[in-house]
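Notes to accompany the following structure.
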Amino acid sequence: MVKKIAKELIVFLSSAFFLLLAAHFLYYYLLVDVFSFLPVFPFSAIVTFLVFSFIAIFIEKFLVKRFDNDYNRALYFIVAIWLGIAWQSCLIYLGLAIVRFLASFYWLMSPEIFAGIFFLLTALLSWRGFYNAFKIRFKNIALEIENLPDFWVGKKIVQLSDVHLGAIYRQKFLSKIVKMVGQTGAEAVLITGDLFDGTDGDFSEAGKQLLKMPASQGVFFVYGNHENRLGRLGMLSHLTGTGMELLDDRLVEIHGLQIIGISFPEEGTKNFNLAEAIKSLSGFDPQKPSILMFHEPIQFEEVSKIGIDVYLAGHTHYGQMFPFNYLSNLVYHGFSKGVAKFNQLTAIISTGVGTWGPPCRTMSYGEIIVITLLKK
Ligand SMILES: [Fe+2]
């Protein structure tokens with residue numbers, strides 16, 4: 001077993017090493033082209049920068065996981081920002097290179113103009129991405145549920161997903177979220193996984209913020225794939241004393257409304273059947289109104305057939321950066337953000353509050369979903 005894990009780790013590290021190396025070589029040629037307006041190409045400066053970039057990207061994840069301190073978090077943040085800029089710059093370069101080629105039949109774009117547009121657009125697109133990654137907006141949804149108990153009629157619940165607390169999003173970001181949730185007057189807060197990013201560390205300050213989450217009927221939470229990555233036991237230690245209720249494959253009934261939490265399957269789980277997992281929960285009643293919390297937006301049709309009224313999911317981040325929004329839509333059959341109806345079931349797929357990897361969103365923004373419950 002240990003041998004198998006070691007073998008997999010070596011394969012993973014060597015592929016990451018060579019992929020990263022190849023990406024840096026390609027980026028070198030991109031920079032050669034962009035800087036062609038200079039009389040002398042700044043070879044040493046560029047190569048030094050790329051060598052630092054290669055080493056930093058390769059080691060920062062291990063460093064921040066192993067030693068959670070300000071220096072490693074700062075390195076992690078710088079690398080994440082650089083990855084965001086690098087990705088935007090590649091897209092801009094590709095687009096510009098195509099325009100330059102097509103225009104070359106009529107007009108030759110000078111290297112100065114090419115470089116000028118390249119830097120300007122890269123800066124604008126990266127800025128938009130970083131701004132959206134830290135800007136949180138409300139998304140209001142009015143939701144009709146059959147047989148909704150009188151207690152809940154007109155009341156609000158909040159969905160938070162994919163906060164990704166870790167090396168980048170910390171207590172300040174969480175404090176902003178808690179304040180915003182407070183403005184909604186919600187009765188309950190439902191956190192649909194990936195509250196933690198997966199890098200361990202001291203989350204005691206974040207815990208204090210979670211304790212302040214205002215919701216008279218409770219704050220509920222399910223595991224996402226990143227909590228599995230962090231390790232569920234480690235995760236639980238961060239939640240202790242926060243007043244949050246973990247719904248790890250179980251449900252609670254509050255004033256006649258079932259709130260169901262199904263954990264993201266552990267790695268290696270095959271043929272996961274969400275509807276069966278719900279049906280097997282003790283106390284589940286298909287006749288009573290229900291809200292399901294499951295991290296990933298899957299198997300909507302099947303879930304709609306067992307009497308679930310609302311399915312809250314996240315996970316997709318709507319791809320975060322162009323063109324991954326298309327990929328995310330492809331993987332989730334067009335349901336990677338927003339609201340969708342399946343018979344009586346309403347599925348709500350959050351684009352998340354925080355981000356994974358580079359703190360960069362060019363195709364969406366962080367959202368807090370405020371749902372007003374109404375009777376059908
Ligand atoms: Fe996530």
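Throughout, read-outs are computed from the coordinates displayed, never taken from laboratory work. Since this is a predicted model, take the numbers as computed values, not measurements. A quick note on method: Cβ atoms are made from the backbone with ideal geometry, for glycine too, and the neighbour counts reach across all protein chains shown.
Answer yes or no: is there a residue in the range 248-259 that is of a type outside the set (Gly, Ala, Ser), closer than 26 Å to residue 136 by Cα and without any contact (Cβ under 8 Å) to a residue 40 or more places away in the chain. The answer is no; no qualifying residue exists. Screening residue 236 with (1) touching a helix residue (DSSP H, G or I) at 6+ places or on another chain (Cβ under 9 Å); (2) more than 16 Å from the ligand (Cβ to nearest atom) gives one miss only, at (1). Selection over the range 295-323 of residues that are β-branched (Val, Ile, Thr) and within 12 Å of the ligand (Cβ to nearest atom) gives a count of 1. The residues of the range 174-223 that are under 19 Å from residue 152 (Cβ atoms), surrounded by fewer than 18 Cβ atoms within 10 Å (Cβ to Cβ) and not polar (S, T, N, Q), listed by number, are 185, 214, 218.
Restricted to the range 267-376, the set of strands (runs of 3 or more DSSP E) holding at least 3 residues that are among the β-branched types (Val, Ile, Thr) comprises 345-349, 366-375.
Scanning the range 240-286 for residues that are touching a helix residue (DSSP H, G or I) at 6+ places or on another chain (Cβ under 7 Å), β-branched (Val, Ile, Thr) and more than 19 Å from residue 300 (Cβ to Cβ) yields one hit, 242. Count of the range 230-244 residues, restricted to those that are outside any loop (DSSP other than H, G, I, E, B) and crowded, with 17+ Cβ neighbours inside 10 Å, is 5. Taking residue 207, is it closer than 30 Å to residue 167 by Cβ and in contact (Cβ under 8 Å) with a residue 40 or more places away in the chain? No, not satisfied. Note on the range 112-129: residues that are loosely packed, with under 15 Cβ neighbours inside 10 Å and more than 20 Å from residue 365 (Cβ to Cβ) total 5. On the stretch given as the range 135-177, residues that are within 16 Å of the ligand (Cβ to nearest atom), β-branched (Val, Ile, Thr), in contact with a Lys or Arg (Cβ under 9 Å, 6 or more places away or on another chain) and part of a loop (DSSP other than H, G, I, E, B) total 1. Looking at the structure I just gave you, is residue 220 away from the ligand (no atom under 16 Å from the Cβ), in contact (Cβ under 8 Å) with a residue 40 or more places away in the chain and closer than 28 Å to residue 275 by Cβ? Yes. Any residue at all in the range 209-222 that's within 25 Å of residue 186 (Cα to Cα), out of contact with any strand residue (DSSP E or B) (no Cβ under 8 Å at 6 or more places or on another chain) and aliphatic (A, V, I, L, M)? Taking every residue of the range 209-222 in turn, at least one turns out to be within 25 Å of residue 186 (Cα to Cα), out of contact with any strand residue (DSSP E or B) (no Cβ under 8 Å at 6 or more places or on another chain) and aliphatic (A, V, I, L, M).
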